[in-house]
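Asks: A single structure is presented below for examination.
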Amino acid sequence: MSSARSAHILHLGVLGLLFAAFFLLPAYHQGNLARILVLAVYAMGYNLLFGYTGLLSLGHAVFFAAGMYGLGLAMHLGGATPAPAFLAGMIAALLVAGVIGSLALRTVGVAFMIVTLMFAQAGYLTILYFGTYTRGDEGFVIPQTARALWGFDLTDPTNRYFAALILFAVVLLFIGWLVNTSFGRSLIAIRENEERARMLGYDVQRAKWIAVTLSGLLSGMSGAAYALLFGYAGATFASVQYSILPLLWVLLGGAGTTIGPLVGTIFMFYLIDFASEVTSAYMLVAGVAFVLLTLFAPTGIAGELRRRALPWLP
Amino acid sequence: MDLGPYLLLASLEGAITASILALTAVGLSLVFGVMRVVNVAHGEFFMLGAVASWFVATYLGTHPAIGFIAALLIAPLLVGALAATADWLVLRRINYDPERTIVATIGLLYILQQGTLMTFGPDARPVEPPFNQRLAIPWPSFEGGFHLTWPWGLGTTSYKLFIIAAAITILFGLWVLMSRTKIGLIMRATQLDRDMAQAFGIPVERVYALVFGLGAGLAALAAVLIVPVQQAHYLMGGDPLLLSFIVVIIGGLGSLPGTVIAAVLIGLSDGIISVFFSPTLAKILATLLVALVLVFRPQGLLGKRIA
């Protein structure tokens, strides 16, 4: 069996498992899993840039927030229905990512991380500055009545779960397809040896820009979906913490693997959920996880699996 | 009323920000210059300095001046030792790889911050200044012949002036350490060429631990100085970290004189802009400025272009 086919079977198997999980899990975990699926889309967007292209961004929250506020403000202030509002969120993320990408990619290495961090910080402060419209830290609630897409009430737990699953499935299959195209392979080539990729005639700068923009778009879709499905948009989602979290999820699950982001998001979500029952200092878990990961498992769970047992893992 | 007195007051507040910022940022710049790593946990070392200062002042419980002097000695040493240990246990083992160091120091940031939340608690706690006389500042006036007036509210405290003097003294001491002592020479040699230094028998790993500790100690020292004016809080490390980044980048990564100049520039303008505009807007402009400096002039204002 070719590795591309086993990858395809794996992806369909994961989706099947997630489909079945809805009927097997109690309501509390259904709600959690819906949240995880939406956040996993964010992690997959991040992984496209960090895991596949090898660019470490510390400012992805600005893309997540662009999607979230693109949808949120369109519905809250513009009175749009969910479908065009979701499109507005995607366009907002696409624009923000395109502009930031074209500027930030003029730098490399540590400077790239700091520039993305600074842009995200400026974005966060901008949301606070225009507090009259965005309601700043307090955020705003998207009313239940407005959150219906093509006749489906997205506040209903069942509809919400399957909406999240559909979005997740589309993005997972898209990433699975993308990384096997020649463009996807050129991203991996850039990660492995940028100089060599350039020598071979690839337009490295253009490929990196597309990767940033695409990654930002996926992150924005996750942000828009989060606001739509859970009915809330707030400045917290633009803060540094939300730039750090996808890095954590991807590192834990396995950078540069298709299912790593999902695995990492599930693990971290429940770890933090568990820790927050014990102590208010629940982010301590994240800190310890970061240090342990860099020391002992820099390739994450899926990466370790690939190295030890399943070399075909996508 | 005249604009002048306001401007003077704003510059004075700005000078205090600049002093604290210079100390903190020089610590960050030193670590980056010698070790070529970005320490994201730097702000937390600042916070730990303030918290340690509170503990010392509280448990010594005598005159504020004794507590202050004790804190001035103990807090930087304690924080520096902690940072050196973290370097030895974590950063050394990942071989100072730039990306993994950032990830590890993000982890360190959360561990220190959340650890403080668990022990010190979520409250902001004040530390009493060792001395705090109010000083009125005269303002020259030329209406009807030259004379000095004391406009209402125009004043500062002796402690605030002390902060500025202390920062200048410490920075001078650091300059002497770097340029006139053997340890400084070793640090500069390691900065110039790590492998060559190693070949000449310099224990590079120990120098790194020392530099990391020294950088964190400087941040802690700055915090001990500012905590009688501000308060100790477990989340107070965020702003100094961001501002230090800004200063270090504008000044040119790894250039100590550039860092000090940039700190004075940013501190003063922050003080003055905040008086006339919204502080949020000032921060937005500052962060955007930094991002654009990095994009279009990556060597900073005083840094040398790396060919």
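Asks: Across segment B:189-217, what is the total count of residues that are touching a residue at least 40 places away in the same chain (Cβ under 8 Å), touching a Phe, Trp or Tyr at 6+ places or on another chain (Cβ under 9 Å) and not aromatic (Phe, Trp, Tyr)?
Replies: Selection size over segment B:189-217: 6.
Asks: Counting only residues that are within 14 Å of chain A (Cβ to nearest Cβ) and surrounded by fewer than 18 Cβ atoms within 10 Å (Cβ to Cβ), how many does segment B:189-238 have?
Replies: 2
Asks: Moving on. Of all residues in segment A:36-79, count the ones that are more than 15 Å from the chain's Cα centre (by Cα) and more than 14 Å from chain B (Cβ to nearest Cβ).
Replies: 11
Asks: A further question on this structure: I need a count of the residues in segment B:192-249 that are farther than 13 Å from B:Met35 by Cα, outside any helix (DSSP H, G or I) and not aromatic (Phe, Trp, Tyr).
Replies: Residues meeting the conditions: 13.
Asks: Does A:Thr279 count as more than 13 Å from every other protein chain (Cβ to nearest Cβ) and β-branched (Val, Ile, Thr)?
Replies: Here the answer is no, as A:Thr279 does not meet what is asked.
Asks: Something else now. Can you pull out the residues in segment B:52-95 that are touching a helix residue (DSSP H, G or I) at 6+ places or on another chain (Cβ under 8 Å), surrounded by fewer than 19 Cβ atoms within 10 Å (Cβ to Cβ) and aromatic (Phe, Trp, Tyr)?
Replies: B:Trp88
Residue-by-condition table, conditions (1) under 25 Å from the mean Cα position of the chain (by Cα); (2) of a type in the set (Gly, Ala, Ser); (3) at pLDDT 80 or above:
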{"position": "B:Gly115", "(1), (2), (3)": "yes, yes, yes"}
{"position": "B:Pro126", "(1), (2), (3)": "yes, no, yes"}
{"position": "B:Trp139", "(1), (2), (3)": "no, no, no"}
{"position": "B:Gly153", "(1), (2), (3)": "no, yes, no"}
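Asks: Within segment B:66-163, considering only strands (runs of 3 or more DSSP E) that don't extend past its boundaries, which have at least 2 residues that are under 30 Å from A:Ile244 (Cβ atoms) and in contact with a strand residue (DSSP E or B) (Cβ under 9 Å, 6 or more places away or on another chain)?
Replies: Values: elements: B:134-136, B:139-141, B:147-149, B:155-157.
Of the strands (runs of 3 or more DSSP E) lying wholly inside segment B:66-163, none has at least 2 residues that are under 30 Å from A:Ile244 (Cβ atoms) and in contact with a strand residue (DSSP E or B) (Cβ under 9 Å, 6 or more places away or on another chain).
Asks: Quick one: how many residues across segment A:119-161 are among the basic types (Lys, Arg) and in a helix (DSSP H, G or I)?
Replies: Total meeting the criteria: 1.
Asks: Then there is this: Hey, any hits in segment A:28-35 for a residue that's farther than 30 Å from B:Thr101 by Cα, part of a helix (DSSP H, G or I) and over 20 Å from the mean Cα position of the chain (by Cα)?
Replies: yes
Asks: If you check A:Thr116, A:Thr107, which single one turns out to be among the polar types (S, T, N, Q), in a loop (DSSP other than H, G, I, E, B) and within 9 Å of another protein chain (Cβ to nearest Cβ)?
Replies: Being among the polar types (S, T, N, Q), in a loop (DSSP other than H, G, I, E, B) and within 9 Å of another protein chain (Cβ to nearest Cβ) holds for just one of A:Thr116, A:Thr107, which is A:Thr107.
Asks: Those residues that are free of Cβ contacts under 8 Å to residues at least 12 places away in the same chain, part of a helix (DSSP H, G or I) and over 18 Å from B:Ala86 (Cβ atoms), I need them from segment A:278-312; list them, please.
Replies: Selection gives A:Val278, A:Arg307, A:Arg308.
Asks: Tell me which residues, restricted to segment A:40-58, are of a type in the set (Gly, Ala, Ser) and assigned to a loop (DSSP other than H, G, I, E, B).
Replies: Within segment A:40-58, A:Gly54, A:Ser57 meet the criteria.
Asks: Same structure, new question: State whether the residues of segment B:258-268 include one that is within 14 Å of chain A (Cβ to nearest Cβ), closer than 23 Å to B:Gly43 by Cα, modelled with pLDDT of 80 or more and under 15 Å from the mean Cα position of the chain (by Cα).
Replies: Yes: one or more hits.
Asks: Let me ask another. B:Gly251: crowded, with 22+ Cβ neighbours inside 10 Å and modelled with pLDDT under 90, yes or no?
Replies: Criteria met by B:Gly251.
Asks: Okay, next question. What are the residues in segment A:131-157 that are within 14 Å of chain B (Cβ to nearest Cβ) and surrounded by 15 or more Cβ atoms within 10 Å (Cβ to Cβ), if any?
Replies: A:Thr134, A:Gly136
Asks: I'd like the residue in segment A:59-94 that is assigned to a loop (DSSP other than H, G, I, E, B) and not aliphatic (A, V, I, L, M) and, out of all such residues, is farthest from A:Gly131 (Cα to Cα).
Replies: A:Thr81
Asks: Looking only at helices (runs of 4 or more DSSP H) that lie completely in segment A:187-277, which have at least 2 residues being surrounded by fewer than 17 Cβ atoms within 10 Å (Cβ to Cβ)? I'd like the intermediate steps shown before the answer.
Replies: Details: elements: A:194-199, A:204-230, A:240-253.
Because the criterion is at least 2 residues that are surrounded by fewer than 17 Cβ atoms within 10 Å (Cβ to Cβ), the helices (runs of 4 or more DSSP H) in segment A:187-277 that meet it are A:194-199, A:204-230.
Asks: Something else about it: Of the residues that sit in segment B:269-279 and are among the hydroxyl-bearing types (Ser, Thr, Tyr) and within 14 Å of chain A (Cβ to nearest Cβ), which one is nearest to A:Ile127 (Cα to Cα)?
Replies: Restricting to residues being among the hydroxyl-bearing types (Ser, Thr, Tyr) and within 14 Å of chain A (Cβ to nearest Cβ), the top hit is B:Ser278.
Asks: Suppose we filter segment A:253-276 for residues that are in contact (Cβ under 8 Å) with a residue 40 or more places away in the chain, within 11 Å of another protein chain (Cβ to nearest Cβ) and more than 13 Å from the chain's Cα centre (by Cα); how many remain?
Replies: Residues of segment A:253-276 that are in contact (Cβ under 8 Å) with a residue 40 or more places away in the chain, as a first pass: A:253-262, A:264-266, A:269-270, A:273.
Imposing the further condition that a residue be within 11 Å of another protein chain (Cβ to nearest Cβ) reduces the set to A:255.
From the residues that got through so far, the ones that are more than 13 Å from the chain's Cα centre (by Cα) too are none.
Going through segment A:253-276 one residue at a time, the tally reaches 0.
Asks: Please go through segment B:280-297 and pick out each residue that is more than 9 Å from A:Leu125 (Cβ to Cβ) and either at the interface with another protein chain (Cβ under 7 Å from one of its Cβ atoms) or in a helix (DSSP H, G or I) (or both).
Replies: Hits for segment B:280-297 are B:Ala282, B:Leu285, B:Ala286, B:Leu288, B:Leu289, B:Val290, B:Ala291, B:Leu292, B:Val293, B:Leu294, B:Val295, B:Phe296.
Asks: Now for a different question. May I ask you to verify whether A:Ile210 is in contact (Cβ under 8 Å) with a residue 12 or more places away in the chain and within 30 Å of A:Ser3 (Cα to Cα)?
Replies: Answer is yes for this residue.
Asks: Can you find, within segment B:97-124, the residue that is nearest to B:Arg194 (Cα to Cα) among those that are more than 9 Å from chain A (Cβ to nearest Cβ) and surrounded by fewer than 17 Cβ atoms within 10 Å (Cβ to Cβ)?
Replies: Step by step, filter segment B:97-124, then rank; the result is B:Thr119.
Asks: Suppose the filter is more than 30 Å from A:Leu252 (Cβ to Cβ), at pLDDT 90 or above, more than 12 Å from chain A (Cβ to nearest Cβ) and in contact with a strand residue (DSSP E or B) (Cβ under 6 Å, 6 or more places away or on another chain); does B:Ala22 pass it?
Replies: When the stated conditions are applied, B:Ala22 does not pass them.
Asks: I would also like to ask the following. Every residue in segment B:269-279 that is in contact with a Phe, Trp or Tyr (Cβ under 8 Å, 6 or more places away or on another chain) and either at pLDDT 80 or above or outside any loop (DSSP other than H, G, I, E, B) (or both), please. Talk me through it step by step, then tell me what you get.
Replies: Going through segment B:269-279, the residues in contact with a Phe, Trp or Tyr (Cβ under 8 Å, 6 or more places away or on another chain) turn out to be B:275, B:278.
Listed by number, the list holds a single entry, B:Val275.
The values are calculated or read from the model by the stated rules, or taken from the named source; none is laboratory data. Nothing here was measured: the structure is a model prediction, and the numbers come from that model. Every residue, glycine as well, gets a Cβ built from its backbone with ideal geometry; the counts of neighbours run over all protein chains shown.
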